[in-house]
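The values are calculated or read from the model by the stated rules, or taken from the named source; none is laboratory data. Since the structure is predicted, the reported quantities are computational estimates derived from the model, not experimental observations. Cβ: placed from backbone, ideal geometry, glycine included. Neighbour counts: every protein chain shown.
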Amino acid sequence: MTDLAGLYILVTRPAGQAQGLMDKLAAAGARPLHFAAVEIVEPHDIAGLKAVVAGLATFDWAIFISPNAVTRAFNLMRSWGQDWPPTVRVAAIGRGSARELRRLGFGDILVPEGRFDSESLLSMRPFEDIQDKSVLIFRGEGGRELLGDTLSARGARVGYAECYRRAAPSADVSGLLRAWARHGLDAVIVTSVEGLHHLYDALGQVGRQWLTKTPLVVVGMRQRDACLALGLQGPVIVASGADDEALINALLSWRAAKNPL
């Protein structure tokens, strides 16, 4: 498959989480570049997180917002010697989170179909009838409030296990700027609002001028709105989720629309 042949595409996922997507882009004929727009680090309040997770058995459901939420939560639980209570059911926003949960041995995972976002999960029957149930949401610091607020409004007891945070990158941006000046970029993939802001800040005045005109692939309406708020003028392509398949399908659809047969 070479539907993305010749396109220079920037992947901004954290270090250690980009290679799979870059390999798939290369297999589709693209020329991927990587710049980690965020670093995934420990949350500020480890003691508070440990206290919340210690009460995990009192919850009916656990929802994992991202693959980072899965891996960080279980790594910490292992370090604390805590097992997963068998009575707690699990749900995941997207395919990437579900894949990580299956890798850890979970079989019965509630995952939306179609779009992979909070709205889709909330439309599923178990979370429509959630009165008097309890839900623990595993997420990063400063995550979106829609999911928890809606569940609370439906009568659920909601808690948060904030098991990571996104920090500004420490990587040198000069290599990216040189590549951008030499080849140009056909598209930029951004999977979080924090990553978009960190990339924008890191690029400096010259890089921002290029970014302003470059198509961006994002994973939700929050990211789209953040692009508009920054004054970015290139097309914003909203993927159906944050996993590799959804991002590549969004690029393929955009490329096909640009170059119809």
Six or more apart or on different chains, Cβ atoms under 6 Å: show the pairs whose first residue is in segment 188-203 and within 19 Å of E141 (Cβ to Cβ) and whose second is in a helix (DSSP H, G or I). V190/L196; V193/R222; V193/Q223; V193/A226; L196/A226
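This table checks each residue for (1) in contact (Cβ under 8 Å) with a residue 40 or more places away in the chain; (2) surrounded by 13 or more Cβ atoms within 10 Å (Cβ to Cβ).
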{"residue": "L25", "(1), (2)": "yes, yes"}
{"residue": "H34", "(1), (2)": "no, yes"}
{"residue": "I40", "(1), (2)": "yes, yes"}
{"residue": "A54", "(1), (2)": "no, no"}
{"residue": "A62", "(1), (2)": "yes, yes"}
{"residue": "P86", "(1), (2)": "no, no"}
{"residue": "A98", "(1), (2)": "no, yes"}
{"residue": "F106", "(1), (2)": "no, yes"}
{"residue": "F116", "(1), (2)": "yes, yes"}
So which residues in segment 113-155 are touching a Lys or Arg at 6+ places or on another chain (Cβ under 7 Å) and modelled with pLDDT under 90, if there are any at all? F116, S118, R144
Close pairs (6 angstrom Cβ cut-off, 6 or more residues apart or separate chains): buried (at least 19 other Cβ atoms within 10 Å of the Cβ) in segment 125-152, of a type in the set (S, T, Y) anywhere: I137/Y160; G140/Y164; L147/S118
May I ask you to say which residue of A179, A168, A156 is out of contact with any Ser or Thr (no Cβ under 7 Å at 6 or more places or on another chain) and under 27 Å from M77 (Cα atoms)? A168
Test set (1) over 21 Å from V219 (Cβ atoms); (2) touching a strand residue (DSSP E or B) at 6+ places or on another chain (Cβ under 9 Å) - A92 fails condition number: (1)
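Taking G184 as the residue in question, decide whether it is more than 30 Å from L49 (Cα to Cα), touching a residue at least 12 places away in the same chain (Cβ under 8 Å), surrounded by 15 or more Cβ atoms within 10 Å (Cβ to Cβ) and not hydrophobic (A, V, I, L, M, F, W, C).
Working: more than 30 Å from L49 (Cα to Cα): yes; touching a residue at least 12 places away in the same chain (Cβ under 8 Å): yes; surrounded by 15 or more Cβ atoms within 10 Å (Cβ to Cβ): no; not hydrophobic (A, V, I, L, M, F, W, C): yes.
The answer is no for G184.
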Over segment 220-243, the set of residues assigned to a helix (DSSP H, G or I), surrounded by fewer than 20 Cβ atoms within 10 Å (Cβ to Cβ) and out of contact with any strand residue (DSSP E or B) (no Cβ under 6 Å at 6 or more places or on another chain) is M221, R222, D225, L228, A229
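So which of R102, R13 is of a type in the set (D, E, K, R) and surrounded by fewer than 18 Cβ atoms within 10 Å (Cβ to Cβ)? I'd like the intermediate steps shown before the answer.
Working: R13 fails: surrounded by fewer than 18 Cβ atoms within 10 Å (Cβ to Cβ).
Being of a type in the set (D, E, K, R) and surrounded by fewer than 18 Cβ atoms within 10 Å (Cβ to Cβ) holds for just one of R102, R13, which is R102.
Looking at segment 53-95, which of its residues are assigned to a helix (DSSP H, G or I) and among the β-branched types (V, I, T)?
Filtering segment 53-95 down to residues assigned to a helix (DSSP H, G or I) leaves 53-54, 56-58, 67-79, 95.
Result: V53, T58, V70, T71.
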